[in-house]
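Structure provided below as C-alpha coordinates; questions to follow.
The values are calculated or read from the model by the stated rules, or taken from the named source; none is laboratory data. Everything quoted here is computed from the prediction, not taken from an experiment. Here the Cβ is made from the backbone with ideal geometry for all residues, glycine too, and neighbour counts use every protein chain on show. Areas reflect the complete protein model, heavy atoms only, side chains present, ligands, DNA and RNA absent. Shrake-Rupley method; radii C 1.70, N 1.55, O 1.52, S 1.80 Å.
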Amino acid sequence: MDAFCVEGPVRLKGDVRVSGSKNAALPLLFASLLFEDEIVFDNVPRLWDIETTLGLLEHIGTKSHWDKEAGSITLNPKVIRAEAPYDWVKKMRAGVLALGPLVARAGEARVSLPGGCAIGARPIDFHLMVLEAMGAEVIVEQGYVQVKAPQGLHGAKVVFPQVSVTGTENALVLAACARGETVLENAAREPEVVAVGELLARGGVVIEGLGSGTIRIQGRAGAMLKRLDGPVAVPADRIETGTWIAAAAVTGGDVRILGSRPQDQEAVLAVFRSMGMKLDVHGDVIHAVAPEVLEPIEVTTEPFPGYATDMQAQLLVACLRARGTSRIRETIFENRFMHVAELRRLGAQVDLQGNEAVIHGPAELSAAPIMATDLRASACLVLGALAARGVTKISRIYHLDRGYSRIERKLEGLGARAWRVSDEATTQPEAAAPSLMQ
Ligand code: EPU
(Lines give C-alpha, C1' and ligand atoms only; values in the text may rest on other atoms or scores of the structure.)
Protein backbone atom coordinates (compact mmCIF):
# COMPACT_ATOMS: atom_id res chain seq x y z
CA MET A 1 0.00 0.00 0.00
CA ASP A 2 1.70 3.18 -1.17
CA ALA A 3 2.21 6.35 0.78
CA PHE A 4 2.86 9.78 -0.62
CA CYS A 5 5.55 12.18 0.54
CA VAL A 6 5.27 15.90 0.00
CA GLU A 7 7.90 18.47 0.87
CA GLY A 8 6.75 21.87 2.00
CA PRO A 9 6.32 24.70 2.17
CA VAL A 10 6.20 25.50 -1.51
CA ARG A 11 4.59 28.26 -3.55
CA LEU A 12 2.92 26.57 -6.54
CA LYS A 13 3.62 28.37 -9.78
CA GLY A 14 2.98 27.39 -13.40
CA ASP A 15 0.43 25.68 -15.63
CA VAL A 16 -1.61 22.57 -14.92
CA ARG A 17 -4.03 20.79 -17.26
CA VAL A 18 -7.26 19.38 -15.83
CA SER A 19 -8.16 15.77 -16.68
CA GLY A 20 -11.58 14.40 -17.61
CA SER A 21 -14.11 14.13 -14.80
CA LYS A 22 -14.22 10.85 -12.87
CA ASN A 23 -17.81 11.38 -11.80
CA ALA A 24 -18.87 12.01 -15.41
CA ALA A 25 -16.78 9.21 -16.93
CA LEU A 26 -18.19 6.50 -14.63
CA PRO A 27 -21.91 6.95 -15.44
CA LEU A 28 -21.08 7.54 -19.12
CA LEU A 29 -19.19 4.24 -19.35
CA PHE A 30 -22.05 2.35 -17.69
CA ALA A 31 -24.68 4.10 -19.83
CA SER A 32 -22.90 2.74 -22.91
CA LEU A 33 -24.70 -0.56 -22.15
CA LEU A 34 -27.78 0.97 -23.79
CA PHE A 35 -26.03 1.21 -27.15
CA GLU A 36 -26.00 -1.54 -29.73
CA ASP A 37 -22.76 -0.58 -31.42
CA GLU A 38 -19.21 0.24 -30.50
CA ILE A 39 -18.82 3.50 -28.59
CA VAL A 40 -15.66 5.55 -28.06
CA PHE A 41 -14.92 7.88 -25.13
CA ASP A 42 -12.22 10.57 -25.19
CA ASN A 43 -10.59 12.58 -22.42
CA VAL A 44 -10.95 9.67 -19.99
CA PRO A 45 -8.90 10.22 -16.82
CA ARG A 46 -6.25 7.68 -15.85
CA LEU A 47 -7.70 6.44 -12.56
CA TRP A 48 -8.27 3.24 -10.61
CA ASP A 49 -12.04 3.80 -10.63
CA ILE A 50 -11.95 3.67 -14.44
CA GLU A 51 -9.94 0.43 -14.30
CA THR A 52 -12.50 -0.99 -11.85
CA THR A 53 -15.39 0.08 -14.08
CA LEU A 54 -13.85 -1.60 -17.12
CA GLY A 55 -13.28 -4.76 -15.05
CA LEU A 56 -16.93 -4.79 -14.01
CA LEU A 57 -18.09 -4.11 -17.59
CA GLU A 58 -15.89 -7.01 -18.75
CA HIS A 59 -17.57 -9.24 -16.14
CA ILE A 60 -20.94 -8.12 -17.50
CA GLY A 61 -19.83 -9.06 -21.03
CA THR A 62 -18.62 -5.77 -22.50
CA LYS A 63 -15.15 -5.82 -24.04
CA SER A 64 -13.04 -2.71 -23.78
CA HIS A 65 -9.84 -1.24 -25.06
CA TRP A 66 -8.21 1.57 -23.05
CA ASP A 67 -5.46 3.60 -24.66
CA LYS A 68 -4.15 5.23 -21.49
CA GLU A 69 -1.74 7.59 -23.24
CA ALA A 70 -4.40 8.89 -25.64
CA GLY A 71 -7.05 8.88 -22.90
CA SER A 72 -9.56 7.00 -25.04
CA ILE A 73 -11.71 3.95 -24.33
CA THR A 74 -13.55 1.86 -26.93
CA LEU A 75 -16.40 -0.32 -25.67
CA ASN A 76 -18.39 -3.05 -27.40
CA PRO A 77 -21.52 -3.02 -25.25
CA LYS A 78 -22.94 -6.45 -24.49
CA VAL A 79 -24.67 -7.93 -21.44
CA ILE A 80 -24.02 -11.63 -20.81
CA ARG A 81 -24.30 -11.53 -17.02
CA ALA A 82 -26.65 -8.86 -15.66
CA GLU A 83 -24.87 -8.66 -12.34
CA ALA A 84 -22.43 -6.51 -10.38
CA PRO A 85 -20.90 -8.77 -7.72
CA TYR A 86 -19.73 -7.60 -4.30
CA ASP A 87 -16.06 -7.99 -5.26
CA TRP A 88 -16.43 -5.11 -7.73
CA VAL A 89 -18.89 -2.90 -5.87
CA LYS A 90 -16.82 -3.05 -2.66
CA LYS A 91 -13.87 -1.62 -4.63
CA MET A 92 -15.93 1.22 -5.96
CA ARG A 93 -19.22 2.41 -4.54
CA ALA A 94 -20.16 3.88 -7.91
CA GLY A 95 -20.68 0.25 -9.06
CA VAL A 96 -24.33 1.04 -8.21
CA LEU A 97 -24.30 2.92 -11.52
CA ALA A 98 -24.49 -0.50 -13.23
CA LEU A 99 -27.98 -0.99 -11.76
CA GLY A 100 -29.94 1.33 -14.08
CA PRO A 101 -28.20 0.34 -17.34
CA LEU A 102 -28.43 -3.42 -16.57
CA VAL A 103 -32.16 -3.33 -15.83
CA ALA A 104 -32.75 -1.02 -18.81
CA ARG A 105 -30.91 -3.33 -21.21
CA ALA A 106 -31.50 -6.81 -19.78
CA GLY A 107 -34.80 -6.33 -17.91
CA GLU A 108 -33.16 -7.67 -14.77
CA ALA A 109 -30.10 -7.23 -12.57
CA ARG A 110 -28.41 -8.54 -9.49
CA VAL A 111 -26.24 -5.83 -7.95
CA SER A 112 -24.40 -5.91 -4.65
CA LEU A 113 -25.44 -3.35 -2.05
CA PRO A 114 -22.54 -0.91 -1.80
CA GLY A 115 -22.60 -0.50 2.00
CA GLY A 116 -21.43 2.64 3.75
CA CYS A 117 -18.15 4.40 3.25
CA ALA A 118 -15.84 6.75 5.10
CA ILE A 119 -18.06 9.79 4.49
CA GLY A 120 -21.45 8.41 5.51
CA ALA A 121 -24.03 5.60 5.37
CA ARG A 122 -24.93 6.39 1.75
CA PRO A 123 -28.12 4.33 1.27
CA ILE A 124 -29.50 3.58 -2.23
CA ASP A 125 -33.22 3.71 -1.37
CA PHE A 126 -33.88 6.45 -3.98
CA HIS A 127 -32.47 4.22 -6.74
CA LEU A 128 -34.81 1.43 -5.65
CA MET A 129 -37.75 3.84 -5.39
CA VAL A 130 -37.22 4.83 -9.06
CA LEU A 131 -37.12 1.18 -10.17
CA GLU A 132 -40.35 0.37 -8.33
CA ALA A 133 -42.09 3.49 -9.66
CA MET A 134 -41.28 2.26 -13.18
CA GLY A 135 -42.82 -1.15 -12.55
CA ALA A 136 -39.79 -3.24 -11.60
CA GLU A 137 -39.91 -5.80 -8.82
CA VAL A 138 -37.15 -5.19 -6.29
CA ILE A 139 -35.97 -7.64 -3.65
CA VAL A 140 -33.09 -6.96 -1.28
CA GLU A 141 -31.56 -10.12 0.19
CA GLN A 142 -28.19 -11.48 1.18
CA GLY A 143 -26.45 -8.20 0.46
CA TYR A 144 -27.79 -7.96 -3.09
CA VAL A 145 -30.48 -6.00 -4.88
CA GLN A 146 -32.37 -8.31 -7.24
CA VAL A 147 -34.45 -6.56 -9.84
CA LYS A 148 -36.84 -8.03 -12.39
CA ALA A 149 -38.95 -6.22 -14.95
CA PRO A 150 -40.28 -9.01 -17.17
CA GLN A 151 -42.95 -6.73 -18.70
CA GLY A 152 -40.40 -3.96 -19.29
CA LEU A 153 -40.42 -0.57 -17.55
CA HIS A 154 -43.06 2.13 -17.83
CA GLY A 155 -42.67 5.86 -17.48
CA ALA A 156 -43.44 7.40 -14.10
CA LYS A 157 -43.40 10.61 -12.13
CA VAL A 158 -40.58 10.43 -9.59
CA VAL A 159 -40.02 13.00 -6.87
CA PHE A 160 -36.60 12.63 -5.23
CA PRO A 161 -36.86 13.27 -1.47
CA GLN A 162 -33.33 14.72 -1.61
CA VAL A 163 -31.12 15.56 -4.58
CA SER A 164 -29.13 12.49 -5.61
CA VAL A 165 -26.48 12.57 -8.33
CA THR A 166 -26.12 8.85 -9.15
CA GLY A 167 -29.83 8.36 -8.32
CA THR A 168 -30.74 10.83 -11.07
CA GLU A 169 -28.22 9.24 -13.45
CA ASN A 170 -29.71 5.77 -12.95
CA ALA A 171 -33.22 7.23 -13.33
CA LEU A 172 -32.30 8.91 -16.66
CA VAL A 173 -31.00 5.65 -18.10
CA LEU A 174 -34.03 3.66 -16.91
CA ALA A 175 -36.42 6.28 -18.24
CA ALA A 176 -34.66 6.25 -21.63
CA CYS A 177 -35.68 2.59 -22.08
CA ALA A 178 -39.13 2.75 -20.47
CA ARG A 179 -42.50 2.96 -22.27
CA GLY A 180 -43.88 6.49 -22.19
CA GLU A 181 -42.86 9.65 -20.42
CA THR A 182 -40.95 9.92 -17.15
CA VAL A 183 -40.79 13.13 -15.14
CA LEU A 184 -38.03 13.49 -12.55
CA GLU A 185 -38.68 16.15 -9.90
CA ASN A 186 -36.00 17.49 -7.57
CA ALA A 187 -33.52 15.97 -10.02
CA ALA A 188 -29.80 16.59 -9.65
CA ARG A 189 -28.52 19.50 -11.77
CA GLU A 190 -24.83 18.58 -11.63
CA PRO A 191 -22.86 18.86 -14.91
CA GLU A 192 -22.10 15.11 -14.68
CA VAL A 193 -25.85 14.38 -14.81
CA VAL A 194 -26.18 16.69 -17.80
CA ALA A 195 -23.35 14.77 -19.53
CA VAL A 196 -25.27 11.50 -19.12
CA GLY A 197 -28.45 13.09 -20.45
CA GLU A 198 -26.58 14.51 -23.44
CA LEU A 199 -25.17 11.07 -24.27
CA LEU A 200 -28.68 9.57 -24.21
CA ALA A 201 -29.96 12.46 -26.35
CA ARG A 202 -27.20 11.81 -28.92
CA GLY A 203 -28.44 8.22 -29.03
CA GLY A 204 -31.95 9.43 -29.94
CA VAL A 205 -33.71 9.86 -26.58
CA VAL A 206 -35.87 12.98 -26.29
CA ILE A 207 -35.02 14.77 -23.03
CA GLU A 208 -36.08 18.20 -21.76
CA GLY A 209 -34.92 20.10 -18.73
CA LEU A 210 -31.37 18.79 -18.31
CA GLY A 211 -29.53 20.97 -15.82
CA SER A 212 -32.81 21.93 -14.11
CA GLY A 213 -34.68 20.35 -11.20
CA THR A 214 -37.37 18.89 -13.51
CA ILE A 215 -36.36 16.53 -16.30
CA ARG A 216 -38.78 14.95 -18.81
CA ILE A 217 -37.70 11.88 -20.72
CA GLN A 218 -39.60 10.20 -23.57
CA GLY A 219 -38.76 6.52 -23.24
CA ARG A 220 -37.92 4.33 -26.22
CA ALA A 221 -39.80 1.23 -24.97
CA GLY A 222 -36.77 -1.02 -24.83
CA ALA A 223 -35.26 0.05 -28.17
CA MET A 224 -31.46 0.18 -28.16
CA LEU A 225 -29.82 3.54 -28.74
CA LYS A 226 -28.48 4.37 -32.16
CA ARG A 227 -24.87 4.37 -33.28
CA LEU A 228 -23.03 7.61 -32.52
CA ASP A 229 -21.33 9.52 -35.31
CA GLY A 230 -18.19 10.26 -33.27
CA PRO A 231 -16.55 9.88 -29.87
CA VAL A 232 -18.03 11.05 -26.58
CA ALA A 233 -15.79 13.58 -24.81
CA VAL A 234 -15.70 13.33 -21.02
CA PRO A 235 -16.04 16.90 -19.66
CA ALA A 236 -13.24 18.45 -17.60
CA ASP A 237 -13.24 17.56 -13.92
CA ARG A 238 -14.72 20.49 -12.00
CA ILE A 239 -13.57 19.09 -8.66
CA GLU A 240 -9.98 18.72 -9.86
CA THR A 241 -10.22 22.29 -11.18
CA GLY A 242 -11.40 23.51 -7.80
CA THR A 243 -8.68 21.50 -6.08
CA TRP A 244 -6.02 23.41 -8.05
CA ILE A 245 -7.67 26.72 -7.12
CA ALA A 246 -7.51 25.64 -3.48
CA ALA A 247 -3.89 24.53 -3.96
CA ALA A 248 -3.00 27.98 -5.25
CA ALA A 249 -4.79 29.51 -2.25
CA VAL A 250 -3.08 27.27 0.32
CA THR A 251 0.43 27.80 -1.07
CA GLY A 252 0.15 31.53 -1.85
CA GLY A 253 0.60 30.42 -5.46
CA ASP A 254 0.14 31.60 -9.02
CA VAL A 255 -1.41 28.79 -11.08
CA ARG A 256 -2.94 28.75 -14.56
CA ILE A 257 -5.49 25.94 -14.80
CA LEU A 258 -5.91 24.84 -18.41
CA GLY A 259 -8.73 22.90 -20.05
CA SER A 260 -11.32 23.71 -17.37
CA ARG A 261 -15.04 24.47 -17.67
CA PRO A 262 -15.45 27.76 -15.77
CA GLN A 263 -19.24 27.60 -16.32
CA ASP A 264 -19.35 24.61 -13.93
CA GLN A 265 -17.31 26.46 -11.36
CA GLU A 266 -19.33 29.51 -10.36
CA ALA A 267 -19.87 28.69 -6.69
CA VAL A 268 -16.22 27.76 -6.20
CA LEU A 269 -15.02 30.88 -8.00
CA ALA A 270 -17.34 33.06 -5.88
CA VAL A 271 -16.18 31.55 -2.57
CA PHE A 272 -12.45 31.75 -3.36
CA ARG A 273 -12.86 35.29 -4.70
CA SER A 274 -14.53 36.31 -1.46
CA MET A 275 -11.43 34.99 0.32
CA GLY A 276 -9.35 37.43 -1.73
CA MET A 277 -8.13 35.09 -4.49
CA LYS A 278 -7.65 36.71 -7.89
CA LEU A 279 -9.34 34.38 -10.38
CA ASP A 280 -9.22 35.51 -14.00
CA VAL A 281 -11.13 33.48 -16.55
CA HIS A 282 -10.19 33.43 -20.24
CA GLY A 283 -11.96 30.73 -22.26
CA ASP A 284 -11.06 27.42 -20.62
CA VAL A 285 -8.21 28.89 -18.56
CA ILE A 286 -8.57 29.96 -14.94
CA HIS A 287 -5.63 31.98 -13.65
CA ALA A 288 -5.51 31.73 -9.85
CA VAL A 289 -3.30 34.12 -7.91
CA ALA A 290 -3.29 34.12 -4.12
CA PRO A 291 -3.00 37.31 -2.09
CA GLU A 292 -0.55 37.71 0.82
CA VAL A 293 -3.30 36.86 3.34
CA LEU A 294 -6.71 35.25 2.75
CA GLU A 295 -9.95 36.44 4.30
CA PRO A 296 -12.09 34.04 6.39
CA ILE A 297 -15.41 32.80 4.96
CA GLU A 298 -18.66 31.08 5.90
CA VAL A 299 -19.80 28.39 3.47
CA THR A 300 -22.49 25.69 3.40
CA THR A 301 -22.22 22.72 1.04
CA GLU A 302 -25.19 22.23 -1.28
CA PRO A 303 -26.17 20.34 -4.43
CA PHE A 304 -25.19 22.02 -7.70
CA PRO A 305 -25.20 24.94 -8.45
CA GLY A 306 -24.30 25.48 -4.77
CA TYR A 307 -20.87 24.90 -3.25
CA ALA A 308 -20.00 21.18 -3.74
CA THR A 309 -19.38 18.79 -0.84
CA ASP A 310 -16.55 17.34 -2.96
CA MET A 311 -14.76 20.71 -2.56
CA GLN A 312 -15.34 21.01 1.20
CA ALA A 313 -12.10 19.42 2.42
CA GLN A 314 -9.92 21.46 0.04
CA LEU A 315 -11.64 24.70 1.11
CA LEU A 316 -11.10 23.82 4.75
CA VAL A 317 -7.32 23.69 4.21
CA ALA A 318 -7.40 27.03 2.42
CA CYS A 319 -9.17 28.51 5.47
CA LEU A 320 -6.07 27.64 7.52
CA ARG A 321 -4.32 30.47 5.71
CA ALA A 322 -7.13 32.95 6.38
CA ARG A 323 -6.77 35.75 8.91
CA GLY A 324 -9.60 34.95 11.34
CA THR A 325 -12.28 32.33 11.94
CA SER A 326 -14.01 30.54 9.06
CA ARG A 327 -17.05 28.26 9.25
CA ILE A 328 -17.97 25.43 6.90
CA ARG A 329 -21.27 23.56 7.22
CA GLU A 330 -21.49 20.14 5.57
CA THR A 331 -25.08 19.31 4.63
CA ILE A 332 -24.71 16.44 2.11
CA PHE A 333 -22.86 13.73 4.04
CA GLU A 334 -23.02 13.13 7.79
CA ASN A 335 -19.39 12.14 8.35
CA ARG A 336 -17.31 14.17 5.98
CA PHE A 337 -14.83 15.79 8.35
CA MET A 338 -12.44 12.85 8.79
CA HIS A 339 -9.61 14.99 7.40
CA VAL A 340 -9.86 17.39 10.34
CA ALA A 341 -8.17 15.02 12.81
CA GLU A 342 -5.31 14.49 10.35
CA LEU A 343 -4.92 18.23 9.67
CA ARG A 344 -4.72 18.80 13.42
CA ARG A 345 -1.61 16.59 13.37
CA LEU A 346 -0.07 19.17 11.03
CA GLY A 347 -0.92 21.94 13.50
CA ALA A 348 -4.35 23.06 12.27
CA GLN A 349 -6.79 24.50 14.80
CA VAL A 350 -10.26 23.32 13.86
CA ASP A 351 -13.26 22.75 16.15
CA LEU A 352 -16.03 20.42 15.05
CA GLN A 353 -19.53 21.36 16.21
CA GLY A 354 -22.01 18.87 14.73
CA ASN A 355 -22.00 19.35 10.99
CA GLU A 356 -19.96 22.54 11.22
CA ALA A 357 -16.19 23.01 11.20
CA VAL A 358 -14.84 26.17 12.80
CA ILE A 359 -11.39 26.90 11.42
CA HIS A 360 -9.03 29.23 13.20
CA GLY A 361 -6.43 30.87 10.99
CA PRO A 362 -3.82 31.65 10.13
CA ALA A 363 -2.04 28.42 11.13
CA GLU A 364 1.64 27.51 11.06
CA LEU A 365 1.69 23.94 9.71
CA SER A 366 4.52 21.48 10.19
CA ALA A 367 5.04 18.03 8.68
CA ALA A 368 3.79 14.85 10.41
CA PRO A 369 2.78 11.35 9.30
CA ILE A 370 -0.93 11.43 8.39
CA MET A 371 -3.48 9.09 6.84
CA ALA A 372 -5.97 9.54 3.99
CA THR A 373 -9.53 8.38 4.68
CA ASP A 374 -11.34 9.10 1.43
CA LEU A 375 -10.70 10.62 -1.95
CA ARG A 376 -11.30 14.31 -1.33
CA ALA A 377 -9.78 14.08 2.15
CA SER A 378 -6.62 12.76 0.46
CA ALA A 379 -6.51 15.80 -1.80
CA CYS A 380 -6.92 18.10 1.16
CA LEU A 381 -4.09 16.38 3.03
CA VAL A 382 -1.79 16.82 0.02
CA LEU A 383 -2.67 20.54 0.05
CA GLY A 384 -1.99 20.71 3.78
CA ALA A 385 1.37 19.00 3.23
CA LEU A 386 2.31 21.52 0.53
CA ALA A 387 1.88 24.27 3.13
CA ALA A 388 3.56 22.42 6.04
CA ARG A 389 7.24 22.78 6.90
CA GLY A 390 9.15 19.52 6.26
CA VAL A 391 8.33 16.20 4.58
CA THR A 392 4.80 14.96 5.26
CA LYS A 393 4.11 11.28 4.65
CA ILE A 394 0.47 10.53 3.76
CA SER A 395 -0.53 6.86 4.04
CA ARG A 396 -3.35 5.06 2.21
CA ILE A 397 -2.77 7.16 -0.83
CA TYR A 398 -4.68 4.70 -3.05
CA HIS A 399 -7.70 6.92 -2.39
CA LEU A 400 -5.95 9.68 -4.36
CA ASP A 401 -5.39 7.40 -7.39
CA ARG A 402 -9.14 6.80 -7.48
CA GLY A 403 -9.77 10.42 -8.38
CA TYR A 404 -6.71 12.46 -9.33
CA SER A 405 -4.97 11.61 -12.58
CA ARG A 406 -1.16 11.91 -12.67
CA ILE A 407 -1.01 13.96 -9.53
CA GLU A 408 2.76 13.72 -8.96
CA ARG A 409 3.54 14.93 -12.49
CA LYS A 410 1.10 17.79 -12.13
CA LEU A 411 2.53 18.81 -8.77
CA GLU A 412 6.08 18.63 -10.14
CA GLY A 413 5.02 20.81 -13.06
CA LEU A 414 4.00 23.43 -10.51
CA GLY A 415 7.32 23.27 -8.68
CA ALA A 416 6.39 20.95 -5.80
CA ARG A 417 8.33 17.89 -4.65
CA ALA A 418 6.06 14.85 -4.20
CA TRP A 419 6.95 11.16 -4.44
CA ARG A 420 5.64 7.73 -3.51
CA VAL A 421 7.12 5.41 -0.94
CA SER A 422 5.93 2.04 0.31
CA ASP A 423 3.85 2.40 3.45
CA GLU A 424 6.47 0.75 5.69
CA ALA A 425 9.38 2.76 4.29
CA THR A 426 10.87 5.97 5.49
CA THR A 427 10.42 9.04 3.35
CA GLN A 428 13.18 8.17 0.84
CA PRO A 429 12.10 8.74 -2.78
CA GLU A 430 13.57 5.43 -4.13
CA ALA A 431 11.34 3.26 -1.96
CA ALA A 432 8.28 2.81 -4.23
CA ALA A 433 7.60 2.62 -7.93
CA PRO A 434 5.17 5.15 -9.40
CA SER A 435 1.59 3.93 -9.48
CA LEU A 436 0.49 2.17 -12.68
CA MET A 437 -2.14 4.84 -13.02
CA GLN A 438 0.27 7.76 -12.86
N1 EPU B 1 -29.07 9.54 -0.49
C2 EPU B 1 -30.02 8.77 0.13
N3 EPU B 1 -30.56 7.72 -0.58
C4 EPU B 1 -30.17 7.44 -1.85
C5 EPU B 1 -29.19 8.22 -2.47
C6 EPU B 1 -28.65 9.29 -1.75
O7 EPU B 1 -30.40 9.02 1.26
O8 EPU B 1 -30.68 6.48 -2.43
C9 EPU B 1 -28.47 10.68 0.24
C10 EPU B 1 -26.99 10.46 0.53
O11 EPU B 1 -26.78 9.68 1.68
C12 EPU B 1 -26.48 11.87 0.64
C13 EPU B 1 -27.33 12.64 -0.39
O14 EPU B 1 -28.50 11.82 -0.60
O15 EPU B 1 -26.77 12.38 1.91
C16 EPU B 1 -26.67 12.89 -1.71
O17 EPU B 1 -26.06 11.72 -2.20
P18 EPU B 1 -25.89 11.43 -3.76
O19 EPU B 1 -26.77 10.30 -4.13
O20 EPU B 1 -26.03 12.69 -4.53
O21 EPU B 1 -24.38 10.94 -3.82
P22 EPU B 1 -23.80 9.90 -4.84
O23 EPU B 1 -24.56 9.98 -6.10
O24 EPU B 1 -23.66 8.58 -4.18
C25 EPU B 1 -22.11 11.50 -6.03
C26 EPU B 1 -20.63 11.54 -6.25
C27 EPU B 1 -19.94 11.88 -4.95
C28 EPU B 1 -20.46 13.23 -4.46
C29 EPU B 1 -21.99 13.17 -4.31
C30 EPU B 1 -22.61 14.50 -3.93
C31 EPU B 1 -20.30 9.97 -8.07
C32 EPU B 1 -19.77 8.66 -8.53
N33 EPU B 1 -20.18 10.25 -6.76
O34 EPU B 1 -22.33 10.47 -5.07
O35 EPU B 1 -18.55 12.00 -5.24
O36 EPU B 1 -19.89 13.54 -3.22
O37 EPU B 1 -22.57 12.76 -5.56
O38 EPU B 1 -22.29 15.47 -4.87
O39 EPU B 1 -20.80 10.76 -8.85
C40 EPU B 1 -16.24 11.91 -4.81
O41 EPU B 1 -16.05 12.09 -6.03
O42 EPU B 1 -15.32 11.98 -3.97
C43 EPU B 1 -17.59 11.62 -4.34
C44 EPU B 1 -17.84 11.08 -3.14
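Which value, in debye to the nearest 20, describes the size of the charge dipole of the chain about its Cα centre when Lys and Arg Cβ atoms bear +1, Asp and Glu Cβ atoms bear -1, and nothing else is charged? Show your work: numbers first, answer last.
Values: 46 positive and 52 negative charges, 48 e Å.
That gives a dipole near 240 debye.
Take every DSSP beta bridge with both residues inside the chain and express the antiparallel ones as a percent of the total, to the nearest 5. Spell out each step's value before the answer.
On the way: 59 of 81 bridges.
So the antiparallel bridges in the chain amount to around 75 percent.
Counting residues in segment 22-233 as N, plug N into 2.2 N^0.38 Å and put the Cα Rg over that result. Mind showing how you got there, number by number?
Working: Rg = 15.5 Å, N = 212, 2.2 N^0.38 = 16.8 Å.
Rg over 2.2 N^0.38 Å, computed on Cα atoms: 0.92.
Once each part is reduced to its C-alpha centroid, what is the distance from segment 213-277 to segment 362-382 in angstrom?
That distance is 24 Å.
For residue 40 and residue 263 in the same chain, what is the full-extension length gain: residue separation times 0.36 nm, less their Cα-Cα distance, in nm? Working shown, then result.
On the way: separation 223, 0.36 × 223 = 80.28 nm, distance 2.52 nm.
Stretched out fully, the residue 40 to residue 263 stretch lengthens by 77.8 nm.
Taking a probe of 1.4 angstrom, what is the accessible area of residue 65 in Å², to the nearest 10?
Using a 1.4 Å probe on the heavy atoms, I get roughly 120 Å².
So which lysines can residue 13 reach, going by Cα to Cα under 22 Å and dropping same-chain residues fewer than 8 places off?
278, 410
Once Rh for segment 370-411 is found with the Kirkwood sum over Cα pairs, what is the Stokes-Einstein diffusion coefficient at 4 °C and 1.567 mPa s, in µm²/s? Show your work: numbers first, answer last.
Values: Rh = 10.4 Å.
Stokes-Einstein gives a translational diffusion coefficient of 125 µm²/s.
Follow-up question, since we're still on this one. Anyone know which of 191, 369, 101 comes out most mobile in the 10 Å Cα GNM of the chain?
369
Hey, another quick one. Just the number please: accessible area per residue for the chain, 1.4 Å probe, all protein chains included, in Å². Before the final figure, lay out the partial values.
Working: 16740 Å² over 438 residues.
Result: 38 Å² per residue.
Ignoring any ligand, DNA or RNA, what whole percent of the accessible area of segment 129-207 comes from carbon and sulfur when the probe is 1.4 angstrom? All intermediate terms of the calculation are to be shown ahead of the outcome.
Details: 1480 of 3040 Å².
Within segment 129-207, the accessible surface is 49 percent carbon and sulfur.
Taking all protein chains as present, what is the carbon and sulfur share of the accessible area of segment 1-113, in % to the nearest whole number, probe 1.4 Å?
Working: 1790 of 4070 Å².
Of the solvent-accessible surface of segment 1-113, carbon and sulfur hold 44 percent.
Then there is this: Restricting things to alpha carbons, find the Rg to Rh ratio for segment 300-394 using the Kirkwood radius for Rh.
On the way: Rg = 12.4 Å, Rh = 13.1 Å.
In segment 300-394, Rg relative to Rh is 0.95.
Where a Cα-Cα gap under 15 Å defines reach, which aspartates and glutamates qualify for residue 63, not counting those fewer than 8 residues away within the same chain?
Here the aspartates and glutamates satisfying the reach criterion relative to residue 63 are 36, 37, 38, 51.
Return the single residue from 293, 232, 382 with maximal mean-square fluctuation; model: Gaussian network over the chain, springs between Cα atoms under 10 Å.
Of 293, 232, 382, the Gaussian network model singles out 293 as fluctuating most.
How far apart, in nm, are the 7 Å Cα→Cβ label points at residue 329 and residue 139?
4.4
For a test of the definition: using alpha carbon positions, the gyration tensor, and the 1.5 limit on a/c, classify the chain as rounded, prolate or oblate. Numbers along the way, then the final one.
Numbers: a/c = 1.85, a/b = 1.69, b/c = 1.09.
Prolate is the answer for the chain, as a/c is 1.5 or above and a/b outweighs b/c.
Order 251, 166 by their accessible area, 1.4 angstrom probe, all chains in place, largest first.
Working: 251 15, 166 40 Å².
So the residues, ranked largest to smallest area, are 166, 251.
What span do the alpha-carbon atoms of segment 132-273 cover on each of the three principal axes, reported in whole Å from largest to smallest?
60, 40, 27
Separation between the residue 360 and residue 78 pseudo-spin-labels, each 7 Å from Cα along Cα→Cβ, expressed in nm?
In this crude spin-label approximation the distance works out to 6.3 nm.
Check each of the trypsin sites (Lys or Arg not before Pro) in segment 237-331 and keep only those in coil by DSSP with at most 15 other C-beta atoms within 10 angstrom; list them in order. Intermediate values should be presented prior to the final figure.
Working: sites: 238, 256, 273, 278, 321, 323, 327, 329; in loops: 321, 323.
Taking segment 237-331 and a limit of 15 other Cβ atoms within 10 Å, the loop trypsin sites (Lys or Arg not before Pro) found are 323.
Return the distance in nm (one decimal) between the two label points of a simple spin-label model at residue 218 and residue 159, each offset 7 Å from Cα along Cα→Cβ.
Placing both labels 7 Å along Cα→Cβ, they lie 2.7 nm apart.
Which longest uninterrupted range of the chain lacks any GluC sites (Glu not before Pro) assigned by DSSP to a loop state (not H, G, I, E or B) and surrounded by at most 16 other Cβ atoms within 10 Å? All intermediate terms of the calculation are to be shown ahead of the outcome.
Working: sites that count: 36, 38, 69, 292, 334, 364, 424.
Longest stretch, sites excluded: 70-291.
Let me ask another. Between residue 198 and residue 349, what FRET efficiency comes out of the Förster formula 1/(1 + (r/R0)^6) with R0 = 45 Å and r the beta carbon distance, rounded to 0.05? Numbers along the way, then the final one.
On the way: r = 45 Å, r/R0 = 0.99.
Efficiency for this residue pair is about 0.50.
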